[in-house]
Amino acid sequence: MPSSLVVLQDWLAKERRLTTVYGYPRQGPNRELKKAIEGYWKGTVTADALRQTAAELRRANWQQLNKAGIDEVPTGDFSYYDHVLDTSVMLGAIPERHRPERHRTAVAADALDGYFAMARGTQEVAPLEMTKWFDTNYHYLVPELGPDTTFTADSTKQVAELREALTLGLKARPVIVGPITYLLLAKPAPGVAEDFKPLSLLDKLLPVYAEILADLRAAGAEWVQLDEPALVQDRTAAELTATTTAYAELGGLADRPKLLVASYFDRLGDALPVLAKSPVEGLGIDFTGPAAANLADLAAVPEIRQKRLVAGVVNGRNIWLNDLSKSLSTLVVLLGLADQVDVSSSCSLLHVPLDVAADTDLDPEVAGWLAFARQKTAEIVTLSRGITEGTEAIAAELEANRAALASRANSALTNNPAVRARVAAVTADDSRRSAPYEERAAAQQKRLELPLLPTTTVGSFPQTTELRTARADLRTGRIDETQYDERIAAEIREVLTFQEKAGLDVLVHGEPERNDMVQYFAEQLDGYVATQHGWVQSYGTRYVRPPVLVGDISRPEPMTVRWWKYAQEQTDRPVKGMLTGPVTMLAWSFVRDDQPRSETARQVALALRDEVVDLETAGAAVIQVDEPALRETLPLRQADRAAYLTWGTEVFRLTTSGVRADTQIHTHMCYVEFGDILNALDEMDADVASLEAARSHMQVAHELGAAGYPRGVGPGVYDIHSPRVPDTPEVVSLLRKGLDAIPAARLWVNPDCGLKTRGWPEVRDSLQNLVEAAREIRATQ
Ligand code: GLN
Ligand code: ZN
């Protein structure tokens with residue numbers, strides 16, 4: 001037993017310490033919620049039936065948690081679509097265009113249609129914007145606020161769900177997005193000045209929170225949890241002052257439940273003393289991942305002594321078995337700092353799949369290393385017993401945990417000597433191209449002989465229903481491998497014929513063989529494992545099954561060369577090799593936690609590097625390595641970003657530096673804001689970068705131009721998020737804007753992103769106009 005655990009005996013409490021979680025997966029064991037909601041949208045499920053399904057799922061979740069030994073269950077975390085949208089409804093922050101007087105599907109009390117209209121839009125009215133929830137892969141609907149926004153309390157949903165749980169005889173704690181985080185996540189409504197600060201609405205908002213808290217108290221809530229994850233990001237002094245004000249005011253209310261302010265995903269830093277000094281009764285703090293630093297910081301905050309400390313020691317966003325001894329050590333330290341220490345997940349379990357046991361096809365060795373929501377719940381209960389009854393009481397669990405961790409640490413899967421030796425032997429030269437950009441550019445131009453303003457696309461072409469059906473038919477055995485391959489080949493031929501006719505200069509094969517840009521590679525790399533039922537919510541009714549980076553990564557054989565070669569055989573124009581970059585391969589997977597992310601990324605990069613070299617050997621003159629997720633996994637704290645971008649760009653260069661000078665490396669990224677990563681783009685040293693820009697009026701081109709970016713750039717001139725076809729003059733005008741910042745010799749012409757979600761008719765017309773516009777400009781150069 002580690003020595004810290006012996007000390008534990010001194011802290012044993014007489015009474016049982018509480019266990020809790022902040023939220024639970026919403027979908028149900030067989031994604032019942034998704035099916036019911038989509039049925040409702042299609043008209044095959046009635047509103048009543050949908051409500052009933054939802055209520056049953058909530059009840060089943062609470063009962064499951066309770067049976068597993070969770071003392072205090074969360075309520076109000078359930079959502080038909082998104083909990084931030086639910087918060088907007090609760091606060092009456094309904095955008096003007098969705099209000100009853102404006103629109104027939106407007107949000108009235110509990111009107112499902114109005115709610116879904118805000119989430120998804122209708123023919124007549126646009127939805128709220130959607131964006132990532134901190135650095136997770138969950139998306140929330142962005143509140144739209146302005147100086148004239150008036151808030152009104154609607155506690156219906158929170159009160160109803162609390163009552164449901166109380167009726168079951170459970171101890172229940174409503175969970176609500178806190179006022180500071182709500183305002184910091186909001187953006188100025190359409191028509192409101194860009195520099196409007198939603199936080200300026202705090203004074204108007206707090207009385208509405210007060211009303212909701214009073215309603216919940218009246219409905220029987222002893223505690224209410226207010227989530228403030230925005231406080232783990234760098235905050236200004238004014239924002240911290242607003243936090244002090246908010247919790248002084250809410251804490252000072254006469255008629256209120258006890259307040260638990262929870263944060264997660266990173267350390268609280270300067271916000272920790274602010275919250276600790278506030279008159280709230282409890283703090284929920286994350287002690288996992290980058291938030292582990294909270295443990296040391298807490299020692300300097302004596303105010304924690306009298307508070308209820310909910311210790312997030314079981315990581316709520318990874319899928320790995322907890323190291324129980326390590327968590328007990330953390331809890332021991334906390335027991336020395338606070339009088340009441342409860343055990344919890346670090347954040348809502350929304351971010352992990354439901355149950356490892358459902359995945360019966362998993363290699364049992366690997367399954368033993370994993371913990372999804374149900375397993376995490378059990379870990380929380382075990383840890384609580386450990387600090388209540390003593391470690392003797394959980395000796396069996398500790399032993400099993402130690403054995404599982406040892407099996408993981410010593411497994412051949414996590415220790416591939418060849419992979420380890422190769423990573424160890426990587427030198428700085430391996431991530432440096434053989435020649436500087438200018439030399440490469442000249443050699444590439446000699447080889448490719450491209451016109452000024454070369455035209456290309458980002459990779460995928462429309463994923464038609466025929467393609468999806470073919471994939472499903474292959475799975476069910478209705479067609480065999482040969483028939484499937486013939487369909488893919490036919491699609492590739494069609495995509496190439498179209499591109500040649502349209503007059504594009506650098507062609508793509510269209511990616512018809514790829515179900516998903518990460519999964520396709522994960523399935524072919526050793527060390528990655530796929531789950532059958534590991535669904536997690538991405539947004540609304542969209543659920544994804546991220547592959548799991550379990551072991552050391554290697555590439556048993558080439559992954560893309562065959563289809564690339566087939567495509568290149570059909571045409572004389574260059575066809576781009578098309579790969580997903582290492583950072584994106586990590587970002588959209590569950591990543592192992594037993595080594596730094598950079599180490600895993602290096603392994604993936606080396607596997608991809610072999611693919612890049614194989615493509616070159618097969619004859620590819622242009623190879624694109626996509627990194628759309630580089631900005632997404634940017635650390636929440638500024639201080640951690642430089643280190644991340646250093647290894648993130650290094651692994652890109654490691655992937656792409658094994659080729660000759662005359663092989664042209666492209667990359668692609670797509671987000672509206674590039675400000676944070678302009679330097680990173682430079683560090684990547686790609687010969688050409690295609691970037692999203694159509695909606696932002698070529699902003700990124702200007703930023704790159706101003707920064708003196710020296711390489712090829714293709715700022716997107718066709719917004720692929722919309723079915724709209726840009727006409728030739730519009731593309732010409734965007735290109736002229738691009739030319740103001742980037743010289744013609746380095747400007748590329750391409751859409752914002754891949755075309756897989758678009759229909760063929762729009763794609764045909766749009767690309768035709770894009771080529772036409774490039775020709776028009778060329779004629780004037
Ligand atoms: N090559 C990919 C495609 O075109 C890139 C997708 C992305 O950036 N998300 O589909
Ligand atoms: Zn993209």
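The values are calculated or read from the model by the stated rules, or taken from the named source; none is laboratory data. Here the structure is a predicted model, which is why all the values come from computation and not from measurement. Because the Cβ atoms are built from the backbone with ideal geometry, glycine has one as well, and the counts that use them run over all protein chains shown.
Key figures
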quantity	calculated
The range 743-769 residues that are more than 16 Å from ligand 2 (Cβ to nearest atom), paired with ones that are among the charged types (D, E, K, R) (beta carbon under 7 Å, 6 or more apart)	R746/R711; N769/D727
G477 being away from ligand 2 (no atom under 16 Å from the Cβ) and on the phi > 0 side of the Ramachandran plot	yes
Members of the range 518-534 found to be buried (at least 20 other Cβ atoms within 10 Å of the Cβ) and more than 16 Å from ligand 1 (Cβ to nearest atom), listed by number	L525, G527, Y528, V529, T531, G534
Yes/no for R764 being in contact with a helix residue (DSSP H, G or I) (Cβ under 9 Å, 6 or more places away or on another chain), within 14 Å of ligand 1 (Cβ to nearest atom) and closer than 23 Å to E511 by Cβ	no
Strands (runs of 3 or more DSSP E) lying entirely in the range 101-177 (those with 2 or more residues that are within 30 Å of the chain's Cα centre (by Cα) and modelled with pLDDT under 95)	130-132
Output for the range 289-321, where each listed residue is surrounded by fewer than 24 Cβ atoms within 10 Å (Cβ to Cβ) and polar (S, T, N, Q)	Q306, N318
Inter-residue pairs, beta-carbon under 7 Å, first at negative phi and of a type in the set (S, T, Y) and in the range 112-124, second buried (at least 19 other Cβ atoms within 10 Å of the Cβ) and part of a helix (DSSP H, G or I), 6+ apart	Y115/V89
Some residue of the range 717-730 being within 24 Å of E449 (Cα to Cα) and within 16 Å of ligand 2 (Cβ to nearest atom)	yes
Subset of the range 1-47 [among the polar types (S, T, N, Q), surrounded by 14 or more Cβ atoms within 10 Å (Cβ to Cβ) and either within 26 Å of P174 (Cα to Cα) or at pLDDT 95 or above (or both)]	T19, T20, Q27
Selection within the range 628-659 - assigned to a helix (DSSP H, G or I), surrounded by 19 or more Cβ atoms within 10 Å (Cβ to Cβ) and away from ligand 2 (no atom under 16 Å from the Cβ)	L645, W647, G648, T649, E650, V651, R653, L654, T655, T656
Residue satisfying all of: in the range 564-582; in contact (Cβ under 8 Å) with a residue 60 or more places away in the chain and under 15 Å from D505 (Cα atoms); nearest to ligand 1 (Cβ to nearest atom) among these	K576
Hey, V672 crowded, with 24+ Cβ neighbours inside 10 Å and either among the aromatic types (F, W, Y) or within 29 Å of the chain's Cα centre (by Cα) (or both) or not	no
Given (1) at pLDDT 95 or above; (2) in a loop (DSSP other than H, G, I, E, B), number of the condition A254 does not satisfy	(1)
Extreme residue, surrounded by the fewest Cβ atoms within 10 Å (Cβ to Cβ), among residues of the range 466-488 that are under 25 Å from G754 (Cα atoms) and aliphatic (A, V, I, L, M)	A472
Residue that is modelled with the lowest pLDDT [pool: residues in the range 660-680 that are within 16 Å of ligand 2 (Cβ to nearest atom) and of a type in the set (V, I, T)]	V672
Pair list, Cβ under 8 Å, 6 or more apart: the range 454-465 residue at pLDDT below 95, other residue basic (K, R) and within 11 Å of ligand 2 (Cβ to nearest atom)	Q463/K756
In the range 662-679, the residues that are within 16 Å of ligand 1 (Cβ to nearest atom) and farther than 21 Å from A443 by Cα	H668, M669, C670, Y671, V672, E673, F674, I677
Filter pass, P729 being out of contact with any Cys (no Cβ under 8 Å at 6 or more places or on another chain), at pLDDT 95 or above and over 21 Å from F674 (Cβ atoms)	yes
Residue within the range 265-284 that is closer than 23 Å to Q158 by Cα, part of a loop (DSSP other than H, G, I, E, B) and at pLDDT 95 or above present	yes
For N515: the one exception among (1) within 14 Å of ligand 1 (Cβ to nearest atom); (2) assigned to a helix (DSSP H, G or I)	(2)
Single condition E599 does not satisfy, out of (1) within 16 Å of ligand 2 (Cβ to nearest atom); (2) more than 30 Å from L496 (Cβ to Cβ); (3) among the charged types (D, E, K, R)	(1)
Strands (runs of 3 or more DSSP E) wholly inside the range 520-575 that include at least 3 residues being touching a Leu at 6+ places or on another chain (Cβ under 8 Å)	526-529, 548-554
Residue within the range 697-711 that is of a type in the set (D, E, K, R), within 16 Å of ligand 1 (Cβ to nearest atom) and modelled with pLDDT of 95 or more present	no
Residues (within 16 Å of ligand 1 (Cβ to nearest atom) and part of a helix (DSSP H, G or I)) located in the range 583-609	V583, T584, M585, L586, A587, L608
Checking V622 against (1) free of Cβ contacts under 8 Å to residues at least 60 places away in the same chain; (2) within 16 Å of ligand 1 (Cβ to nearest atom), the condition it does not meet	(1)
